[in-house]
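S.K.: One structure follows; several queries about it will come next.
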Amino acid sequence: MIETTARPARRESAHFEIGYTRYLDPDGKLVAPLPPGLADPVRAIALYSALVRARSFDQKAVAMQRTGRLGTYASSLGQEAVAVGAASAMRPEDVFVPSFREHAGQLVRGVTPRELFLYWGGDERGNDFSGPREDLPNCVPIGSHAAHAAGVALAFRLRREPRAVVAIFGDGATSKGDVAEAFNFAGVWKLPVVFVISNNQWAISVPRRNQSAAETLAQKAIAAGIPGEQVDGNDVFAVHAAVAAALERARAGGGTSVIEAVTYRLGDHTTADDASRYRNDAEVKAHWQEEPIKRLEAYLVALGRWGKDDQERLLQETKAEIDAASAAYLATAPQALATIFDFTYANMPADLQRQKDGALASAATTPVKG
Amino acid sequence: MSEINLVQAVNLALARAMADDEKVLVLGQDIGINGGVFRATDGLLKRFGEDRVRDTPLAEAMIGGISIGLALQGFRPVAEIQFSGFIYPCIDQLANHASRFRTRTRGRLSCPMVLRAPCSGGTKALEHHSESNEAMFTNIPGLRVVIPSSPKMAYGLLLAAIRDPDPVVFLEPTRLYRAVSEEVVDDGTALPLDRCFVRREGTDLTLIAWGAMVREALESAQQLEARGVSAEVIDVATLKPLDEATLVASVQKTGRCVIVQEAPLSGGYGGEIAARIADGAFSSLLAPIQRVTGYDTVMPLSRLEQIYLPKAASVTTAAERAMVYA
């Protein structure tokens, strides 16, 4: 039997604390002075417009899925401020490495709504971004893209480029070895990467409390020797400011950061999910009071910088853009059958060419519906 | 010019590729100051520096994932997984990511990377250090799977793998690392990928093998010659994509074939080759296609591993079985 009482007095060998930042409370009141860049109402209006645009895309995408014109879709309803705040803090030459629920950030980065509709409508050309050519397409397997973010950041380091990477994944992803390993590698090599945990409280049906016994997910960074912090993920100012500071540090050679943005998934996991099976309406209703758009609107209105006319104009413009993108997607003919073969290798192997020839010959006799 | 063994040929090809192209990097566990547990990267750190020769923390999945990020950015990483028995955590990165970026982005992004791993048995190594798991990689579209069988093949194929614009799994049979030496000209000439290599010509029967089994096949061909049977020996070398034409043409000529694989029987790559030959050379076949393989067992520990490993004698027995058919 071990005599636990006989152990000598211990000294503290490590110590940490996790900070939580919020500027804008759920009612749209500032609870702390904004950093100079964000205090500019023009900047705030741009962020607000990006949030509205993302939600408008989301609503259209869900409506299209419900009417059979889009595939299974993962809505980001309620958590748009995480991706918008992070992506808006990046420079064009940085690289964005998103998971599959971060189209709000992809839109900010310059991925077009038509490209996003194409992707979610089952067309790989949606990932051939005309804008941010080096951004990664979204990652469906959970958390494995954290490694790619570290690898891209290592490339920047090796070329001595003042660029950085932002990767986003969810609370569920932090349970995976991939994320722990990526934190660890990035920490050892001081890589210029910002890992943003979009903690929306739910990994499909598994709530945050059943995902990890850790008090915060941000503290997982501490174990890898990198700073971790929490921000209010429904406060786009807080996300933007934290990511901007982390990016600045990364570019200056200061290494990696982890930012846990605490938000809430107001929608189902995807259009194939029914969240009422595992969480109650009262919880969702309560979180609607904290969503990111309403509070920023209230802030802008209180500033005297946003009125009914502005709101109507923005909604109209956004709707027109998204509707046009959706129409453009629907008018895009499916890819030719040959394309499923053509991008498997850079140089077409004879063995695959034979399979392609066979597929083309059989398609010539039995046309495939697009 | 001096003769070198297979692991020295790997080293020579790495050094040549790094000297030719500054985008080529090597990374992995213990590959820096230690030069790799088999010394495949010996001397590279000193010659090319820490930026290009990088010891990683111990995490196979991340070695694959980091290589993907580097490759997406235009580098040509050559990563070492210490043994193919430890490659499994990395398969997610290969199957879900490295092999798919070109397709997923319609050519916008791609992964020119090589994952090297020592493989196969016969060196009395520890548990998990003697695996022949090549077949599982051949079922992943977008990957190339290459296994050299000699120093010359290792040099030429590794150069080809590094220069190829797509991800390559490059498996090196540990048993061959120091088994034979031959003259290898370090002139930077790569061997073609997607090609089987006829290592010995013959007329009565075709022996098909890859990796360490090529030696057994060649030895068997000698035994058969003494018995009046002329055996052709083909080294598959690049398993994926497969050069079916060379295999089928050979069996059309000889009418008989024995496929030799160290991996377990079921689901092994020999089954794929047998199906291709049955289809492509059906009317030429004079005897059922024979397979000599490992067993559907866990790779035994060192005291029994020789019982597991296919040998030239069993290849010869299978060949004689085929020769019985008129």
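S.K.: Could you tell me the calculated FRET efficiency between B:T246 and A:A302, based on Cβ-Cβ distance and R0 = 51 angstrom, to the nearest 0.05?
M.R.: The pair B:T246/A:A302 has a calculated efficiency of 0.10.
S.K.: Over the Cα atoms, compute the radius of gyration (one decimal) and Dmax (the largest Cα-Cα distance, rounded to a whole number) for segment B:197-324, in Å.
M.R.: Here Rg and the maximum Cα pair distance are 13.6, 44 Å.
S.K.: With axes computed from alpha carbons, what is the tilt in degrees of helix B:60-72 against the longest principal axis of chain B, rounded to the nearest 10 within 0 to 90?
M.R.: Orientation of helix B:60-72: about 70 degrees from the principal axis.
S.K.: Using C-alpha positions alone, give me the convex hull volume of segment A:1-145 per residue in cubic angstrom. List each step's numbers first, then the result.
M.R.: Values: hull volume 34.7 nm³, N = 145.
For segment A:1-145, the hull spanned by Cα atoms encloses 240 Å³ per residue.
S.K.: While we're looking at this one, here's another question. How would you order A:146-156, A:270-280 from highest to lowest mean count of nearby Cβ atoms within 10 Å?
M.R.: A:146-156, A:270-280
S.K.: Return a whole-number percent for the relative contact order of chain B, with Cα pairs under 8 Å and 6 or more residues apart as the contact set.
M.R.: Computed over chain B, the figure is 16 percent.
S.K.: Also: Residue farthest toward the positive end of the dipole of the protein assembly as shown, with Cβ of Lys/Arg at +1 and Asp/Glu at -1: which of A:I322, B:T297, B:L265?
M.R.: In the protein assembly as shown, that residue is A:I322.
S.K.: Residues of segment B:22-45 with backbone nitrogen within less than 20 Å of a virtual label 7 Å along the Cα-to-Cβ line of A:A346, please, listed as ranges.
M.R.: Under cut-off, by backbone N: B:22-27.
S.K.: While we're on this one: Rounded to the nearest 20 Debye, what is the dipole magnitude of the protein assembly as shown about its Cα centre when Lys and Arg each give +1 and Asp and Glu each give -1 at the C-beta?
M.R.: 340 debye
S.K.: Over the Cα atoms of the protein assembly as shown, compute the convex hull volume and normalise it per residue, giving Å³.
M.R.: Roughly 202 Å³ of hull volume per residue.
S.K.: Near A:L158, within a Cβ-to-Cβ distance under 11 Å, what is the net charge of the other residues, with Lys and Arg +1 and Asp and Glu -1? Mind showing how you got there, number by number?
M.R.: On the way: positive: A:R157, A:R159, A:R160, B:K23, B:R52, B:R54; negative: A:E161, B:E22, B:E50, B:D51.
Around A:L158, the surrounding residues sum to +2.
S.K.: Please list A:56-67, B:87-98 highest first by mean number of surrounding beta-carbon atoms within 10 Å per residue.
M.R.: B:87-98, A:56-67
S.K.: Another one. Test of understanding: what is the full-extension gain from A:T67 to A:Q311, defined as 0.36 nm times their sequence separation minus their Cα-Cα distance?
M.R.: Numbers: separation 244, 0.36 × 244 = 87.84 nm, distance 2.80 nm.
Gain on stretching A:T67 to A:Q311: 85.0 nm.
S.K.: Further question: Give me the net charge of A:L136's neighbourhood, meaning all other residues with Cβ under 15 Å from the Cβ of A:L136; Lys, Arg count +1, Asp, Glu -1.
M.R.: Neighbour charge sum, excluding A:L136 itself: 0.
S.K.: Next question, about the same structure. Given a Förster radius of 30 Å and the C-beta distance between B:D30 and B:V298 as r, what FRET efficiency does 1/(1 + (r/R0)^6) yield to the nearest 0.05?
M.R.: Rounded to the nearest 0.05, the efficiency is 0.70.
S.K.: Same structure, new question: For the pair A:R354 and A:R91, how long in nm is the line joining their label points, each one 7 Å along Cα→Cβ?
M.R.: So the two model labels end up 5.2 nm from each other.
S.K.: Then there's this: Taking the convex hull of the alpha carbon atoms in segment B:254-293, what volume per residue do you get, in Å³?
M.R.: Hull volume over Cα atoms, normalised by residue count, gives 54 Å³.
S.K.: Pull up the DSSP beta bridges for the protein assembly as shown and report the antiparallel fraction as a percent, rounded to 5.
M.R.: About 15 percent, rounded to the nearest 5.
S.K.: Still on this model: Name the residue from B:A19, B:L94, B:A237 whose Cα lies farthest towards the positive end of the charge dipole of chain B, charges +1 on Cβ of Lys and Arg and -1 on Cβ of Asp and Glu.
M.R.: Towards the positive end, the residue furthest out is B:L94.
S.K.: Further question on the same structure: Can you give the mean number of other chain Cβ atoms that lie within 10 Å of the Cβ atoms in peptide A:339-349? Present the calculation step by step, with values, prior to reporting the outcome.
M.R.: Details: counts 3, 2, 2, 4, 11, 9, 15, 7, 6, 2, 9.
Mean partner-chain Cβ count within 10 Å for A:339-349: 6.
S.K.: Same structure again: What's the percent breakdown of Cα-Cα distances in chain B across 20 Å bins, shortest bin first?
M.R.: 33, 57, 10, 0
S.K.: At 7 Å along the Cα-to-beta-carbon direction for both B:E182 and A:R160, put a label point, then send me their distance in nm to one decimal.
M.R.: Distance between the two pseudo-spin positions: 4.4 nm.
S.K.: Here's a follow-up. By the scheme Lys and Arg +1, Asp and Glu -1, what is the net charge of all other residues having a beta-carbon under 14 Å from that of A:G28?
M.R.: Once positives and negatives cancel, what remains is -2.
S.K.: Going by a ≥ b ≥ c, the root eigenvalues of the Cα gyration tensor, does chain A fall in the rounded group (a/c under 1.5), the prolate group (a/b larger than b/c) or the oblate group?
M.R.: oblate
S.K.: Let me check the size of segment B:3-183 from its C-alpha atoms; what are the radius of gyration and Dmax in Å?
M.R.: Gyration radius and largest Cα-Cα distance of segment B:3-183: 14.9, 46 Å.
S.K.: What distance in nm separates the simple spin-label points at B:S284 and B:T203, each placed 7 Å from Cα in the Cβ direction?
M.R.: 1.5 nm
S.K.: Right, something else. Quick one: length gained pulling A:L330 to A:N210 fully straight, 0.36 nm per residue minus the C-alpha distance?
M.R.: Details: separation 120, 0.36 × 120 = 43.20 nm, distance 4.09 nm.
Stretched out fully, the A:L330 to A:N210 stretch lengthens by 39.1 nm.
S.K.: While we're looking at this one, here's another question. Regarding segment A:279-358, what's the average projected area of the Cα-atom convex hull, expressed in nm²?
M.R.: Its Cα hull, projected and averaged over all orientations, spans 11.4 nm².
S.K.: Partner chain Cβ atoms within 10 Å, averaged over the residues of B:55-64 - can you pull that number for me?
M.R.: Details: counts 1, 3, 6, 2, 8, 1, 7, 13, 4, 3.
The per-residue average across the peptide is 5.
S.K.: Defining a contact as two alpha carbons under 8 Å apart and six or more residues distant in sequence, what relative contact order in percent does chain A show?
M.R.: Reported relative contact order: 22 percent.
S.K.: Across peptide B:104-115, what mean number of C-beta atoms from other chains lies inside 10 Å of a residue's C-beta? Write down the numbers at each step before the final one.
M.R.: Details: counts 10, 11, 10, 6, 11, 9, 3, 1, 1, 1, 0, 0.
That works out to 5 on average.
S.K.: Roughly how many debye, to the nearest 20, is the charge dipole of segment B:19-108 about its Cα centre, given +1 on each Lys and Arg Cβ, -1 on each Asp and Glu Cβ, and no other charges?
M.R.: Details: 12 positive and 11 negative charges, 107 e Å.
For this selection, approximately 520 debye.
S.K.: Right, here's the next one. Bin by bin, in steps of 10 Å, what percent of the Cα pairs in segment B:78-162 do you find, going until the bin that has the longest distance?
M.R.: Percent of Cα pairs in each bin: 15, 46, 31, 7, 1.
S.K.: Using the Cα centre as the reference, give the magnitude of the dipole from point charges on the C-beta atoms of chain A (Lys, Arg: +1; Asp, Glu: -1; all else neutral), rounded to the nearest 20 debye.
M.R.: It comes to approximately 340 debye.
S.K.: Normalised by the number of residues in segment B:197-324, what is the relative contact order in percent for Cα pairs under 8 Å and 6+ residues apart?
M.R.: This gives 28 percent for segment B:197-324.
S.K.: Beyond 13 Å, what share of the Cα-Cα pairs of segment A:222-271 remains, rounded to the nearest whole percent? Write out the running numbers ahead of the final one.
M.R.: On the way: 767 of 1225 pairs.
Percent of Cα pairs beyond 13 Å in segment A:222-271: 63.
Every number in this text was worked out from the coordinates using simple rules, so none of it is lab data. Just so it is clear, the structure is predicted and the values come from calculations on it, not from any experiment. When we count neighbours, we look across all protein chains shown, and the Cβ atoms used for this are built from the backbone with ideal geometry, even at glycine.
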